[in-house]
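The block underneath contains the structure these notes are about, expressed in structure tokens.
The values are calculated or read from the model by the stated rules, or taken from the named source; none is laboratory data. All values reported here derive from a predicted model rather than from experimental measurement. Quick reminder, even Gly has a Cβ in these numbers, built from the backbone with ideal geometry, and neighbours come from all protein chains shown. We work out accessible area using only protein heavy atoms, side chains counted, and drop any ligands, DNA or RNA first. Shrake-Rupley method; radii C 1.70, N 1.55, O 1.52, S 1.80 Å.
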Amino acid sequence: MLDAETTAALVVEPVQGEGGVRVLDPGFLRELRALTREREIALVFDEIQCGLGRTGTLFAYEQAGIAPDLLTLAKPMAGGLPMGAVLMTEAIASAVQPGDHGTTFGGGPFVASVALAVCERLAEPALLRQVREHGQWMRVQLDAIAARTARIRQVRGTGLIWGIDVTEPAAGVIARALDAGLLLCSAGEHTLRLLPPLVATRDELARGLTILEETLN
């Protein structure tokens, strides 16, 4: 039974990273928002991987036209240096007392200054617009590679986060790609995960996709 008596919060990744780069339908997220409000349950979005510009908007949830009660952030926040953050509504913040919540990597001055620079860069509309445009272009290119190679079962993603289901174990593709100069990672036994830098140029993305196709062939 999903109600406030038995459930404190519902935690969801708008784009599942480790789960294979699965973009949750905006309608589904809106239904979750309505359900949690009706049942007085907190809605928590985990955007540690898909947040901070990765999908082409500052936060992935924005594309569903809703907002969570609590949002978790980390990974890109300080440009690869260890830092995490939690954003929350006033209703939740008012219930948190000193000592209730702590963090090992929260507020070091050096890392915080790097995070500030990252946030200032992400505040530039041109950067997020570029991520969206590059993401649309990558969709077309990845679908074309899938058609040419017949080694790709499915392409999923948005912005600059993509999951590619391949016909062979992903580990072998990743090893061959690394030897050719392309760094990939996996998100399942048969899933390649592409996470290009948000500042990557179209030429750099094209070069990476060329290596990917050569690797698959």
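What about LEU43, is it touching a residue at least 24 places away in the same chain (Cβ under 8 Å), assigned to a helix (DSSP H, G or I) and surrounded by 19 or more Cβ atoms within 10 Å (Cβ to Cβ)? No, not satisfied. When region 114-125 is filtered for residues that are under 16 Å from PHE59 (Cα atoms) and surrounded by 12 or more Cβ atoms within 10 Å (Cβ to Cβ), the ones remaining, listed by number, are ALA115, VAL118, CYS119, ARG121, LEU122.
No other residue among GLU18, GLU62 is closer than 23 Å to ALA200 by Cβ and either of a type in the set (Gly, Ala, Ser) or modelled with pLDDT under 95 (or both) apart from GLU18.
When we screen GLY27, GLY51, GLY56 for residues that are loosely packed, with under 15 Cβ neighbours inside 10 Å and at pLDDT 95 or above, the only hit is GLY27.
Candidates in region 36-76 are the residues that are touching a strand residue (DSSP E or B) at 6+ places or on another chain (Cβ under 9 Å) and of a type in the set (Asp, Glu); of these, the one that is farthest from LEU194 (Cα to Cα) is ASP69. Would you point out the residue of region 30-48, among those that are more than 13 Å from ALA9 (Cα to Cα) and within 16 Å of the chain's Cα centre (by Cα), that is modelled with the lowest pLDDT? Applying the filter and picking the extreme gives ILE48. Return yes or no: is LEU2 farther than 24 Å from GLN130 by Cβ and not in a loop (DSSP other than H, G, I, E, B)? Considered against the rule, which asks whether it is farther than 24 Å from GLN130 by Cβ and not in a loop (DSSP other than H, G, I, E, B), LEU2 comes out as no.
In region 5-24, the qualifying residues are those that are part of a loop (DSSP other than H, G, I, E, B) and farther than 25 Å from LEU184 by Cβ, and the one that is most open to solvent (accessible area, probe 1.4 Å) is GLU5. Filtering region 1-59 to residues that are at positive phi and either of a type in the set (Ser, Thr, Tyr) or touching a helix residue (DSSP H, G or I) at 6+ places or on another chain (Cβ under 9 Å) (or both) leaves LEU52, GLY53, GLY56.
Those strands (runs of 3 or more DSSP E) of region 126-217 in which 2 or more residues are open to solvent by 50 Å² or more (accessible area, probe 1.4 Å) occupy 152-158.
Please state which of the following conditions ILE211 fails to meet, knowing it meets all the rest: (1) among the hydrophobic types (A, V, I, L, M, F, W, C); (2) in contact with a strand residue (DSSP E or B) (Cβ under 6 Å, 6 or more places away or on another chain); (3) over 24 Å from GLY19 (Cα atoms). It is condition (2) that ILE211 fails. Within region 60-111, the set of residues being at positive phi and among the aromatic types (Phe, Trp, Tyr) is empty. Evaluation of PRO109 against the conditions (1) modelled with pLDDT of 85 or more; (2) more than 24 Å from LEU195 (Cβ to Cβ); (3) surrounded by 10 or more Cβ atoms within 10 Å (Cβ to Cβ) shows that the sole unmet condition is (3). Could you run through region 61-82 and say how many residues are in a helix (DSSP H, G or I), open to solvent by 10 Å² or more (accessible area, probe 1.4 Å) and not polar (S, T, N, Q)? The qualifying residues number 5.
Rundown of residues vs (1) within 19 Å of PHE59 (Cβ to Cβ); (2) touching a residue at least 24 places away in the same chain (Cβ under 8 Å); (3) basic (Lys, Arg), yes/no style:
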| residue | (1), (2), (3) |
| --- | --- |
| HIS134 | yes, yes, no |
| TRP137 | no, yes, no |
| LEU142 | no, yes, no |
| ILE145 | no, yes, no |
| ALA150 | no, no, no |
| THR158 | yes, yes, no |
| GLY172 | no, no, no |
| ASP179 | no, no, no |
| GLU213 | no, yes, no |
